[in-house]
1. Could you count how many residues in region 213-250 are over 20 Å from the mean Cα position of the chain (by Cα) and of a type in the set (Ser, Thr, Tyr)?
2. So in region 1-22, with the set limited to residues that are aliphatic (A, V, I, L, M) and assigned to a helix (DSSP H, G or I), which one is nearest to residue 76 (Cα to Cα)?
3. Which of the residues that make up region 168-199 are of a type outside the set (D, E, K, R), within 14 Å of residue 231 (Cβ to Cβ) and out of contact with any strand residue (DSSP E or B) (no Cβ under 8 Å at 6 or more places or on another chain)?
4. For residue 151, indicate whether it is hydrophobic (A, V, I, L, M, F, W, C) and under 23 Å from residue 247 (Cα atoms).
5. Give the residue that is surrounded by the most Cβ atoms within 10 Å (Cβ to Cβ), with candidates limited to residues of region 243-272 that are under 27 Å from residue 22 (Cα atoms) and either hydroxyl-bearing (Ser, Thr, Tyr) or touching a residue at least 60 places away in the same chain (Cβ under 8 Å) (or both).
6. Are any residues in region 33-50 in a loop (DSSP other than H, G, I, E, B) and either touching a residue at least 40 places away in the same chain (Cβ under 8 Å) or not polar (S, T, N, Q) (or both), and if so, which ones?
7. Which ranges mark the helices (runs of 4 or more DSSP H) fully within region 151-242 that have 1 or more residues being without any contact (Cβ under 8 Å) to a residue 12 or more places away in the chain and either within 23 Å of residue 75 (Cβ to Cβ) or out of contact with any Phe, Trp or Tyr (no Cβ under 8 Å at 6 or more places or on another chain) (or both)?
8. Just to be sure before I move on: is residue 102 of a type in the set (Asp, Glu) and within 19 Å of the chain's Cα centre (by Cα) in the structure I sent?
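The values are calculated or read from the model by the stated rules, or taken from the named source; none is laboratory data. What you see is a predicted model, and the numbers here were worked out from it, not measured in a lab. Positions of Cβ are generated from backbone atoms using ideal geometry, with glycine treated the same way; all protein chains shown enter the neighbour counts.
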Amino acid sequence: MENIKVSVIVSTYNSEEWLRKVLWGFNFQNFKNFEVVVADDGSGPKTKELLAQMSEEVTFPIVHVWQEDDGFQKSRILNKAVSACNADYIIMTDGDCIPREDFVQVHYLNKSQGYFISGGYYMLPMNISKAITFEDIKKQNCFNIQWLREMGIPKTFKNNKLTSKGIISKILNLITPTNASWNGHNSSGWKKDILNVNGFDERMQYGGQDRELGERLFNFGIKSKQLRYSAVCVHLDHKRGYKTPESIAKNKAIRKQTRDEKLVWTYNGITK
């Protein structure tokens, strides 16, 4: 484990069909020197069985970090996953985001001290999410705009996320109005920086807990790089049953305090 260059944290909860597709996505990466740490927020035995099976089939080590189901406690399981990472550099994504073959490579080559990276995603509708097969991931069809158009995707500006290359993607990264925030579905940073702000605030449930981590990193002096058009994953469709007005309101208040008081450390993080 000593020579692992990147730890990829993939969060999941009772979503084996999507997680399998995501792990196949990581199996076809150009850059091979990484591990996947699955941050499992209380899934049943099917997820454990899937990971045991996939461990035999993929080229990278899988570390399964699990906790008892206690409602939506993603911040808590992500903190446990950060502690379990064997590499100095961490990419975070979700178990419903299939990475393009250059995903890990783009994060790794663009990393630099004092920065974290903010990537993007391309949202797919349910019918295409279901239709994507092992072969489609192996051949990278699900990132091919022609294939997606044939499957019914409309022509929109966001298609540039999949089609732009080289200098065009660099220009789009520069001019996008979207803030380079810490996004749970596609971001990366140094383990030491995440530990220096004590990870995620475990009081926070659904709604912006990833952004709040990024805000404390900013307060700590870390800057961000926008790679929305270079570090690409496709986001599979799903319901969000854990999104409540209460959790959104509570999290907004915590984020406001973080910004107003320029907080760096959370007392509800990795170190209690």
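1. Adding up the residues that qualify gives 2.
2. So in region 1-22, the residues aliphatic (A, V, I, L, M) come out as 1, 4, 6, 8-10, 19, 22.
Next, only the ones that are assigned to a helix (DSSP H, G or I) stay: 19, 22.
Details: 19: 20, 22: 22 Å.
Residue satisfying both the conditions and the ranking: 19.
3. The answer is 169, 172.
4. Values: hydrophobic (A, V, I, L, M, F, W, C): yes; under 23 Å from residue 247 (Cα atoms): no.
It is false that residue 151 is hydrophobic (A, V, I, L, M, F, W, C) and under 23 Å from residue 247 (Cα atoms).
5. Per the criteria, the residue is 270.
6. Of everything in region 33-50, those that are in a loop (DSSP other than H, G, I, E, B) and either touching a residue at least 40 places away in the same chain (Cβ under 8 Å) or not polar (S, T, N, Q) (or both) turn out to be 41, 42, 44.
7. Result: 166-175, 209-219.
8. Yes: the conditions hold for residue 102.
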